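Enquirer: Input: one structure, supplied below.
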Amino acid sequence: MPRTTTEPDRRPFRPVRRLLARTLSAALLLLPAAPLTLVPGPGVAQGLPTLGDTEREGLSPLMERKLGEEIMRDIRSDRDYVDDGPVSEYLNNFGLNLVSIHPEVRGEAGFDFQFFMVRDPMLNAFALPGGFIGVNSGLVLAAQSESELAGVMSHEIGHVAQRHIARMLGQQKQNSMIQLAAIVLGALAGVSKAGGDAAMATMMGGTGLAVQRQLNFSRDAEREADRIGFQIMRDGGFDPSGMVTFFGRLQAASRNYSDAVPPYLMTHPLTTERIADIQARIREQRYKQRVDNPEFQLVRARTQVLQNDTVQGLRDSAEKFQEQLKQNTKLQTAAAKYGLAYVYYRQNKFDQADAMLREAQEAAIPMKTGIMFGSLDIDIKIARKQSQQAVQLADSLRQQFPISRTIARQYADALIGARRTEEAVAYLRDQAQLYRSDAQVQQLLAKAYAAQGKQALQHLALAESYALNGSLLAAIEQLGIARRAPDASFYDQSQIDAREREWKAQWKDQQKDQKERG
């Protein structure tokens with residue numbers, strides 16, 4: 001069901017993102033780094049840079065991924081992590097398409113890239129260890145084309161591909177990496193406290209000389225990421241000038257920030273030399289105009305609503321969409337009406353949402369809009385208790401988009417709403433086997449079991465979802481509830497015992513790591 005909040009202001013994600021980025025940058029810049037070398041790759045006219053002997057690095061690919069996953073557990077638990085199916089699916093499809101242009105960016109570690117959004121009006125994006133790339137909602141809204149968005153995301157892919165974090169940690173012992181994780185996680189945990197700025201000042205104190213000594217490497221890393229990003233954009237048919245255009249917008253935006261520098265420029269030093277280098281490369285290429293996927297504008301409209309879902313925020317978004325309608329272009333009209341339909345849905349005005357969505361769909365004909373319209377249509381039908389229609393639409397869309405995780409979950413939710421719980425459970429159990437790391441599938445499975453009155457299985461599924469999200473204590477607590485359920489069978493008790501042993505062992509390991517970090 002849609003949710004609105006009457007809070008006057010939400011706790012912003014912005015300080016978390018800024019402090020995380022600064023902490024990573026400060027901690028990494030203090031460490032010695034190996035020189036960068038560019039070596040042509042096989043079969044590529046301008047090959048991506050190679051990394052050399054990674055066996056001598058202090059941070060192995062496995063440890064790098066583990067560090068990234070640990071950071072992501074804390075990010076996912078933050079209220080401003082955007083866990084929205086259509087937006088997440090678009091970002092991952094878009095990002096993985098960029099990765100597929102030059103698959104070698106996965107490196108010898110074969111990183112499984114994941115892209116996500118955080119609710120933050122600041123213009124920022126960031127690459128975490130192990131292939132996790134985040135973008136702020138404000139950056140998506142500021143991007144005027146997919147080429148601009150591709151410029152930023154390709155640059156971040158370049159940082160991951162070159163394993164800049166691992167290379168900056170070269171020749172460091174493993175406990176240094178554990179300390180880095182502690183610094184990052186400490187920043188995430190304590191950022192909202194009153195002493196956050198003072199803590200950062202203390203952490204940064206006395207490091208100016210070391211940071212200055214590593215600044216040249218930082219600029220080299222940025223140029224290297226630029227070059228990789230440029231090659232991805234060029235070979236993917238994007239307009240490489242989008243990278244320069246967006247960098248220029250970032251510089252212009254600096255006057256809007258109290259510290260005079262947008263977060264992206266703080267963590268990604270932008271120099272005139274870098275811009276000139278990209279411009280020189282662009283002049284060497286034949287201009288190719290690229291038409292954006294209409295889905296991009298729909299995602300921007302949805303992001304506008306998600307960025308501030310307070311009562312006032314929804315009103316402000318509605319006003320912006322009304323102004324957008326005055327542009328009188330086909331795509332902008334469709335996007336504005338889609339945005340209004342989503343606003344109405346979040347305001348629980350389901351009849352208005354349904355009517356406006358129909359207008360948006362008519363305005364978008366014959367554009368290809370992916371799952372955007374259909375996904376919202378399913379949500380509206382479920383909210384209006386049109387359960388059978390929701391099932392029929394979801395079933396049709398999952399045939400059309402067989403790999404869409406969003407539609408798959410909505411199909412299961414529609415089955416539950418239609419009281420076809422046996423079908424929902426069977427479908428979700430299959431999904432759980434196919435996608436073992438999908439916490440939302442386990443949450444839906446718990447919902448289906450609850451509708452059947454199967455308490456033990458309900459809490460077992462909830463436990464699985466909590467564990468997948470990194471909340472081991474909550475998962476273990478759910479196991480205790482499942483064990484005490486009156487319908488817990490011998491098989492259920494055996495499964496509970498096995499899971500409890502496994503998760504308690506993991507919890508002890510986590511506690512041991514935290515103790516070693518001090």
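None of the figures in this text is laboratory data; all of them are computed from the coordinates on show. Predicted model, so just to flag it, every value in this text is computed and none were measured. Don't worry about glycine lacking a Cβ; one is built from the backbone with ideal geometry, like all the others, and counts go over all protein chains shown.
Enquirer: Over all distinct alpha-carbon pairs, what is the Kirkwood Rh of segment 270-347 in angstrom?
Expert: 14.7 Å
Enquirer: Quickly work out the Gln433-to-Asp112 label distance, labels modelled 7 Å from Cα along the C-beta direction, and quote it in nm with one decimal.
Expert: For Asp112 paired with Gln433, the spin-label model returns 1.9 nm.
Enquirer: Starting from the Cα of Ile275, step 7 Å along the direction of its Cβ; do the same at Val291; then give the gap between the two resulting points in nm.
Expert: 3.2 nm
Enquirer: Once fully extended, how much extra length lies between Trp507 and Glu319, figured as 0.36 nm per residue of separation less the alpha-carbon to alpha-carbon distance? Please report the intermediate quantities before stating the final value.
Expert: Details: separation 188, 0.36 × 188 = 67.68 nm, distance 4.83 nm.
Contour length minus Cα-Cα distance gives 62.8 nm.
Enquirer: Then there's this: Order of 357-363, 485-491 by packing, highest average Cβ count within 10 Å first?
Expert: In decreasing order of mean packing, 357-363, 485-491 become 357-363, 485-491.
Enquirer: Now a separate question. Any idea what the dipole of segment 359-518 comes to, in debye rounded to 20, about its Cα centre with Lys/Arg Cβ at +1 and Asp/Glu Cβ at -1?
Expert: 240 debye
Enquirer: In the neighborhood of Phe230, defined by Cβ-to-Cβ distances under 15 Å, what is the net charge if each Lys or Arg adds +1 and each Asp or Glu adds -1? Mind dumping the intermediate values first?
Expert: Numbers: positive: Arg223, Arg227, Arg234, Arg274, Arg281, Arg283, Arg286, Lys288, Arg290; negative: Glu148, Glu156, Glu222, Glu224, Asp226, Asp235, Asp239, Glu273, Asp277, Glu284.
Every neighbour counted, the sum reads -1.
Enquirer: For the residue pair Ser494 and Arg219, what label-to-label distance in nm results when each label sits 7 Å from Cα along the Cα-to-beta-carbon direction?
Expert: Going from the Ser494 label point to the Arg219 one covers 6.6 nm.
Enquirer: Further question: If you add up the charges near Phe373, with Lys and Arg at +1 and Asp and Glu at -1, over every other residue whose beta carbon is less than 13 angstrom from its beta carbon, what do you get?
Expert: Cβ neighbours under 13 Å give a net charge of -1.
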